[in-house]
Structures are given as C-alpha cells and as structure tokens.
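First the structure, in the form of structure tokens, and then the observations on it.
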Amino acid sequence: MKYIILILLSLQLTAQTTFITPMEYASQLYKNPRGIGCHRCHGENGEGRLVATYEYKKENREFRGPAINGVDFKEFYSALNKRKRGMPSYFLTKKEVQALYLYLNKENVDAK
Ligand code: HEC
C-alpha cells in the first residue's frame, strides 16, 4: 500500500507533462506496452485469461496467462525482467513497470 502511493506520486509528475491522469497513462500502457498488450494474455484487469486451446500428442492442452493482479511488486518487477515460459520479453523502464503495477492494483488507490 505504501509502495502504491509512492508510485502514484512519481507518476503524477510524468502525467503532468502529458495531460492525462496517472491511471489513464497506466491503463494505456497495459494495453499497449511497445509489444503485445498484457491484456491479451492476462485479461483486462490482470485476472488471468485462457488464450488458446490446442492438441498436443492427442491431448487437449491450454495456454493460459496467469492472474497477475495479486503479485507483489518485487515479483512483478522480476517477472518482467527475466525470460519466462510463454511470457514475452519486454524492455520496460522502471517507471513503466511501476505504472503497470499501479494499474493492476487500482482498487487500492483513489486515483481518478
Ligand atoms: C503472449 C501472452 C502474454 C503476454 C502478452 C504477457 N504475458 Fe505475462 N505471462 C504469460 C505467461 C504464459 C506467464 C506464465 C509464465 C510461466 O509460467 O513461467 C506470464 C507470467 C507473468 C508474470 C508472473 C506471474 C507470477 O505469478 O509470477 C507477470 C508479473 C506478468 N506475466 C506480467 C505481464 C505484463 C505486465 C505484461 C504486459 C507488459 C504481460 N505479462 C504480457 C503470458 C503473457
């Protein structure tokens, strides 16, 4: 919670120069992070999503993006900075990662 307030303050400064609220910025970044949008695999609000079903050796399989709305910041940051199974690599700045985290934890903030 304390961390979220800090993120919000630092994004407020960024947003002031672009005339959008920190939450608008965060929401746009989530859907368009210089690569495939996070929502395509993790759902509109990070609740997780079934992306595809396929057959492998006559077995039905699923490709799912896990829920990412309950991950703590350290884990979130490290997941975006290492290679993971099925999870694309992004080259995001720390501020961008913070914005995404803010978006996924928006129910904890009063940001408009
Ligand atoms: C092509 C689908 C896809 C896209 C797009 C995608 N992810 Fe993922 N993501 C995955 C999969 C699959 C995993 C699980 C990887 C594993 O099991 O090791 C994952 C894992 C994660 C995790 C770790 C979850 C945990 O519990 O440790 C985080 C955090 C995450 N993604 C955030 C993001 C963010 C933020 C974006 C947008 C910048 C994004 N992802 C875009 C598929 C995707």
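Couple of notes before you dig in:
- Residues (within 21 Å of Arg49 (Cβ to Cβ) and not in a helix (DSSP H, G or I)) located in segment 84-105: Lys84, Arg85, Gly86, Met87, Pro88, Ser89, Tyr90, Leu92, Asn105
Conditions (1) at pLDDT 95 or above; (2) more than 12 Å from the ligand (Cβ to nearest atom); (3) part of a loop (DSSP other than H, G, I, E, B); (4) open to solvent by 70 Å² or more (accessible area, probe 1.4 Å), marked per residue:
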position	(1), (2), (3), (4)
Leu6	no, yes, no, yes
Cys41	yes, no, no, no
Glu47	yes, yes, yes, yes
Glu107	no, yes, no, yes
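- Among (1) under 27 Å from Ile5 (Cβ atoms); (2) in contact (Cβ under 8 Å) with a residue 40 or more places away in the chain, the one test that Leu80 misses: (2)
- Filtered by the rule that a residue be assigned to a loop (DSSP other than H, G, I, E, B), of a type outside the set (Gly, Ala, Ser) and more than 17 Å from Ile36 (Cβ to Cβ), segment 66-80 gives Asn69, Val71, Asp72.
- When Tyr103, Tyr90 are screened for being more than 8 Å from the ligand (Cβ to nearest atom), of a type in the set (Ser, Thr, Tyr) and open to solvent by less than 30 Å² (accessible area, probe 1.4 Å), only Tyr103 passes.
- Between Arg64, Arg85, the distinction of being modelled with pLDDT of 90 or more, within 11 Å of the ligand (Cβ to nearest atom) and among the basic types (Lys, Arg) belongs to Arg64 only.
- Single condition Ile68 does not satisfy, out of (1) surrounded by fewer than 18 Cβ atoms within 10 Å (Cβ to Cβ); (2) touching a helix residue (DSSP H, G or I) at 6+ places or on another chain (Cβ under 9 Å); (3) without any contact (Cβ under 8 Å) to a residue 40 or more places away in the chain: (1)
- Residue check, Lys74 over 11 Å from the mean Cα position of the chain (by Cα) and more than 12 Å from the ligand (Cβ to nearest atom): no
The values are calculated or read from the model by the stated rules, or taken from the named source; none is laboratory data. What you see is a predicted model, and the numbers here were worked out from it, not measured in a lab. Glycine also receives a Cβ, built like all others from the backbone with ideal geometry; neighbour counts cover every protein chain displayed. Heads up: the accessible areas ignore ligands, DNA and RNA and are worked out on the full protein's heavy atoms, side chains in. Shrake-Rupley method; radii C 1.70, N 1.55, O 1.52, S 1.80 Å.
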